[in-house]
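Q: The structure that follows is given in the form of structure tokens.
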Amino acid sequence: MDEHQLTILYVDDEPAIRRLVREFLQQQGYRVATADGVQPALAKLRRKHFDIVFTDLKMPSGGGLELLTEIKRAHADTEVVIVTGHGSIETAVQALKLGAYDYLQKPIKLEKLKLLGSRIAEKRHLELENRELKNRLAQRIQTHRYGLLVGVSEPMQAIYELIERIRDDLPTVLIQGDSGTGKEIVAKVIHETSRRGRRPFVAVNCGAIVDGLLESELFGHKRGAFSGAVQDKAGLFQTADGGTLFLDEVAELPPVLQVKLLRVLQEKRVRPVGAVEESAVDVRVLAATNRNVEQAVADRKLRPDLYYRLNVVSIRIPPLSSRREDIPLLANHFRDKINRRSHRRKTGIDRAAMDALLRYDWPGNVRELENVIERACVLGRGDGIALTDLPNAIRSAAAAPSRQESPLVSLRENEIRLIQKALRQTQYSKKAAARLLGIDPSTLYRKIKRYGLSLSPNR
Ligand SMILES: Nc1ncnc2c1ncn2[C@@H]1O[C@H](COP(=O)(O)OP(=O)(O)OP(=O)(O)O)[C@@H](O)[C@H]1O
Ligand SMILES: [Mg+2]
């Protein structure tokens, strides 16, 4: 860095010293101002930022220690060097305790002044680099959210990538995951990031509607189609026209309706109950299930042809307990969300509480976590969320001796994961990935072939 950009304020009551030092430091390329006492120095500091202040310790108008204290209070990133007469080492030590960067003894040796200047410049440089690094990291963390979704774990990142990749193609997607893992919110994000995002998103739970009504609910009905059908009614397909229909618990769909749904997906036309004519609809379908679909197909609960039609792209959201690294982020995300609609803001989640959240097994997954945080925000009395604000089951998880280790995976699986990670991190450069892994490019290439790994992000 260009240390000559540094600005220095030199404070001394003796004009001759001020002049000498100023000229010297200017020759070194610093921008230098001087002041003859504490008050004028503070006035200059209020108007302008200085990187370094050299101040005499004893001046008639007040001491350098006062100046130091005030600078550390009001201009924390200005470094202060105290200049002392001989024999006042104790005061110099006190100055260091108060936050001075260093001290210089009088008579001033210009070489020492120069040395201190460049040491502080170097320190500044490092601090700046550090700050930039932190900013860059903060930006990376930003990629740990995607639309409404929050999560840093690899499976979540893979889901973000997938959603990004399919946003223009609008395929049907089958989303699988245990209860509360986030199937519906994933569907919403798939819809919102697509070019249909401004059109309707309509969700229907196929398991929650009485059998007889589901058909009319989905496809609409004509007046008089059945008793109670007093007027024409549009179905959810018509409501979602131009947008997305989310079929939750799709494996619960009765067999007859599975056939009808398949037809609608193929023909892009629907026939309301009691109608003679079909009419065209333009609806993208996303489906979800929290049971094992392959099993549902094997059990003949779900028609295989419908399954293939829905499962063009498949997303599996793992349970929260197998991606614990998402817990802190999600917990704080929900805290923020609740803060926004409450007058009592929770400032944070304390260590013990977070430890407990990290250890607990979350059978209800993300939804359970959201409820726990909401409860803690509403019932807790402190400024932040503490262990005592959490339900018993979670508190006792904290008391358990040690967190359950994640299940052991085979070396092969670990190796595959590592290689994939290295490839991703190097934008699929085999050479760079091999370097990252500390192996030969040819070895990496063999492994890629052996494991049938993809060499581009688009598979
Ligand atoms: N990754 C995530 N980021 C932010 N919020 C999430 C995430 N996952 C889940 N949530 C929130 O958790 C709650 C439960 O998610 P959602 O309703 O999508 O789960 P689900 O899988 O559909 O559950 P169920 O099977 O019970 O219907 C919702 O409030 C949702 O907004
Ligand atoms: Mg759901």
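The values are calculated or read from the model by the stated rules, or taken from the named source; none is laboratory data. Note that the structure is a prediction, hence the values are computed from the model and not measured. Glycine also receives a Cβ, built like all others from the backbone with ideal geometry; neighbour counts cover every protein chain displayed.
Q: Looking at Val186, Val202, Val259, Val264 in this structure, which one is within 16 Å of ligand 2 (Cβ to nearest atom), of a type in the set (A, V, I, L, M, F, W, C) and either surrounded by 20 or more Cβ atoms within 10 Å (Cβ to Cβ) or assigned to a helix (DSSP H, G or I) (or both)?
A: Within the list Val186, Val202, Val259, Val264, the selection yields Val186.
Q: Still on this model: Pairs under 8 Å by beta carbon, first residue closer than 25 Å to Asp178 by Cα in segment 338-364, partner of a type in the set (D, E, K, R) and part of a loop (DSSP other than H, G, I, E, B), six or more apart or different chains?
A: Listed pairs, sorted by first residue: Ile338/Lys346; Leu358/Arg403; Arg359/Arg403.
Q: Then there is this: Hey, could you check segment 267-294 for residues that are away from ligand 2 (no atom under 16 Å from the Cβ) and in a helix (DSSP H, G or I) and say which is farthest from Gln238 (Cα to Cα)?
A: Glu294
Q: Consider Gly197 carefully, then state whether it is outside any helix (DSSP H, G or I), of a type outside the set (Val, Ile, Thr) and on the phi > 0 side of the Ramachandran plot. Spell out how you get there, then give the answer.
A: Values: outside any helix (DSSP H, G or I): yes; of a type outside the set (Val, Ile, Thr): yes; on the phi > 0 side of the Ramachandran plot: no.
No; evaluated as a whole, the condition is false for this residue.
Q: Sticking with this one: Considering only residues that are more than 23 Å from Val202 (Cβ to Cβ) and either within 16 Å of ligand 1 (Cβ to nearest atom) or touching a residue at least 12 places away in the same chain (Cβ under 8 Å) (or both), which ones fall in segment 297-309?
A: Lys301, Asp305
Q: Out of the residues in segment 10-24 meeting the condition of being under 19 Å from Gly62 (Cα atoms) and β-branched (Val, Ile, Thr), tell me which one is modelled with the highest pLDDT.
A: Val11
Q: Across segment 176-233, what is the total count of residues that are within 27 Å of Pro319 (Cα to Cα), of a type in the set (A, V, I, L, M) and at pLDDT below 90?
A: So the count comes out to 2.
Q: In contact with a Leu (Cβ under 8 Å, 6 or more places away or on another chain), more than 24 Å from Leu170 (Cβ to Cβ) and more than 16 Å from ligand 1 (Cβ to nearest atom) - does that describe any residue in segment 240-258?
A: Yes, there is a match, as at least one residue in segment 240-258 is in contact with a Leu (Cβ under 8 Å, 6 or more places away or on another chain), more than 24 Å from Leu170 (Cβ to Cβ) and more than 16 Å from ligand 1 (Cβ to nearest atom).
Q: Let me ask something else. Take segment 326-344 and flag every residue that is surrounded by fewer than 14 Cβ atoms within 10 Å (Cβ to Cβ) and in contact with a helix residue (DSSP H, G or I) (Cβ under 9 Å, 6 or more places away or on another chain).
A: Here is the first cut: in segment 326-344, the residues surrounded by fewer than 14 Cβ atoms within 10 Å (Cβ to Cβ) are 336, 340-344.
Within segment 326-344, Ser342, Arg344 qualify.
Q: Kindly evaluate Leu218 against the criterion of being among the aliphatic types (A, V, I, L, M), surrounded by fewer than 16 Cβ atoms within 10 Å (Cβ to Cβ) and either part of a helix (DSSP H, G or I) or out of contact with any Lys or Arg (no Cβ under 6 Å at 6 or more places or on another chain) (or both).
A: no
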